[in-house]
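What follows is a short report on a single structure.
The values are calculated or read from the model by the stated rules, or taken from the named source; none is laboratory data. The structure displayed is predicted, hence computed values, not measured ones. Quick reminder, even Gly has a Cβ in these numbers, built from the backbone with ideal geometry, and neighbours come from all protein chains shown. Ligands, DNA and RNA are excluded from the accessible area calculation, which covers all protein heavy atoms including side chains. Shrake-Rupley method; radii C 1.70, N 1.55, O 1.52, S 1.80 Å.
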Amino acid sequence: MFERQIYINRREELKKKFKSGLLLFLGNDEAPINYAGNTYNFRQDSSFLYYFGLPIPNLAGIIDIDENKEYLFGYEFTLEDIVWMGPQPKLAELAERVGVANSESINNLKKFLKGKISKGVKVHFLPLYRAEHNLKLASLLDDDPFKINKKASKKLIEAVVEQRSVKSSEEIAEIEYALEIAYQMHTTAMRMAKPGITENDIYAALNGIAFSLGNGVSFHPIISVNGQTLHNHFHGNQLKEGQLLVCDAGAESLEFYASDITRTIPVGGKFSQRQKDIYEIVLTAQKNAINMIKPGVKHVDVHLTAAKIIAAGLIQLGIMKGNPGEAVKAGAHALFFPHGLGHMMGLDVHDMEGLGEQYVGYDDKTKRSDQFGLAYLRLAKELKPGFVFTCEPGIYFIPELIDQWKAKKKLKNFINYDKVEEYRNFGGIRIEDNILVTENGYKVLGRLIPKEVADVEAAVNSQG
């Protein structure tokens, strides 16, 4: 946990956005795997962590705007609990750790809320992403669990997104630490990428590093020789000489802040000329996109710049044709680059995505496109100092998508389908780093993980 004053200051800043009402933050509960006593690793809700800091289940935080009071509702451990779990802090002690003056049993929460509602107090809450919490909140508010999320407070969502989007110095330090763990993970993956090794061997090693140095992985790692599948979580393949291994993995710091890095690795330590040609296009797109980053720039424009560079590179190879700008405007590049350039990062690897991408990555001045590929851009709005996000262009040859577009002769003025067939079994390449928007430009966070062709090859061939 951070020092208590940080949580006090965060709540005070949030209070300024409201003239009245009650702000309710439900913490997460334990989730059973196959019976109640055997649970998944506990992870606290990120917004609860941001404002109340405690990585403990069965808690709820309340900020009462009208009375200018804050409450921590939770579970008081019994002697039987202590027999199984060891000594546990009192609820009042937990509240004191984060600067909250009032603490009460979680069993009194429903009565407390009903009393406020009976007096006409509006209860603001954030959207829920776990089914059992829909049931829990619906029970607390005597509402329909299937409709409760529709009543989430737009005002609270917007206030939380505005505050959490701008990372403080202590948050950036945590992301940097998570990136140091990612450095160890990815350089290990590079050293391990030898013929005969399985994807699962690397997956296991990376998970071990993440847990030994931090709070585990920030998402299930993507470690696949079938990189054309963007989120491929199958790890059963044995690596073969000449394949490309996409390794998309990150860790959580001990304070639950995320890193998210992707590298594409030549199995055996040497890119073929064809692989190198595609790799250099992706790397050039990433470098140019990063160089555009500064306050006031719209991220959608950074994305489109990367897309045009990818189109231009593929035109040079004869895979695409025509004018790069026109090809991107028509959406032809999305056959090869069908996802967005990046997403916000922080306490969530896709930061605040549970609150709604329309609030996190878009605003009143920036509307989401409905064009295939561009529609998947998670962050499009104007960049501000303190934003942390990923930059992750890629080129993929997805046989099923190629077949569909080719059968329809889709955008044939921009795509040389005969040449595309030569790359049908190529796979995919993605390169990803984490970027901080500074007052005048940008900073690539973390220690540099090899990404130049020669550096990646050297890392794969290293023995250390």
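Points to keep in mind about this one:
- Positive-end residue, the chain charge dipole about Cα centroid, Cβ charges, pick of LEU383, VAL98, LEU128: LEU383
- Given LYS19/LYS90; LYS15/LYS154; LYS167/LYS308; LYS19/LYS69; LYS240/LYS406, the pairs whose alpha carbons are separated by over 22 Å: LYS19/LYS90; LYS167/LYS308; LYS240/LYS406
- Cα-based helix-to-principal-axis angle, 131-141 vs the chain, degrees rounded to 10: 30 degrees
- Per residue accessible area in Å² of the chain, where ligands, DNA and RNA are left out and the probe is 1.4 Å: 44 Å²
- Computed over the chain, relative contact order equals 14 percent, with contacts defined as Cα pairs under 8 Å that lie 6+ residues apart.
- Where VAL300, VAL420 fall by accessible area, highest first, once all protein chains stay in place (1.4 Å): VAL300, VAL420
- When the surface is traced with a 1.4 Å probe over the full set of protein chains, CYS247 keeps roughly 0 Å² accessible.
- About its Cα centre, the chain has a charge dipole of approximately 1580 debye under the convention of +1 per Lys or Arg Cβ and -1 per Asp or Glu Cβ, with nothing else charged.
- Computed extension length for ASP66-GLU353: 100.4 nm, one decimal, from 0.36 nm per residue of separation with the Cα-Cα distance subtracted.
- Extension gain from LYS17 to MET85, taking 0.36 nm per residue of separation minus the Cα-Cα distance: 20.5 nm
- The chain: antiparallel DSSP beta bridges as a percent of all, rounded to 5: 85 percent
- Positive-end extreme of charge dipole, the chain - chosen from ILE309, ALA60, ILE175 (charges on Cβ): ILE309
- Dipole magnitude (debye, nearest 20) for the range 56-104, charges at Cβ of Lys, Arg, Asp, Glu: 180 debye
- Charge tally in the Cβ shell below 15 Å around MET85, where Lys, Arg are +1 and Asp, Glu are -1, MET85 excluded: -3
- Taking PHE112, PHE387 and ordering them by how much accessible surface each has at a 1.4 Å probe, largest first, produces PHE112, PHE387.
- Difference of contour (0.36 nm per residue) and Cα-Cα distance, LYS276 to SER169: 34.7 nm
- Based on C-alpha pairs under 8 angstrom that are at least 6 apart in sequence, the range 208-350 has a relative contact order of 20 percent.
- Across the protein chains, with a 1.4 Å probe defining accessible surface, the residues VAL360, VAL166, VAL217 rank VAL166, VAL217, VAL360 from largest area downward.
- Globularity ratio of the chain, using Cα Rg and 2.2 N^0.38 Å: 1.06
- Each Lys and Arg adds +1 at its Cβ and each Asp and Glu adds -1 at its Cβ; summed about the Cα centre, the range 107-179 shows a dipole of about 680 debye.
- Cβ-Cβ distance of GLU96 and HIS233, R₀ of 45 Å, FRET efficiency by 1/(1 + (r/R0)^6): the value works out to about 0.60.
- Mean-position separation - Cα centroids, the range 32-101 and the range 156-193, in angstrom: 24 Å
- Percent of C-alpha pairs per 5 Å bin, the range 265-365, short to long: 2, 11, 18, 18, 18, 14, 10, 6, 2, 0
- Cα→Cβ-extended label distance, 7 Å offset, between LYS155 and LYS409, nm: 5.8 nm
- Taking 7 Å steps out from each Cα toward its Cβ at GLN463 and GLU3 produces label points 4.8 nm apart.
- Counting charges near GLY386 (Lys, Arg +1; Asp, Glu -1) among other residues having Cβ under 15 Å from its Cβ returns a value of -2.
- Share of carbon and sulfur in the accessible area of the chain stands at 51%, probe radius 1.4 Å.
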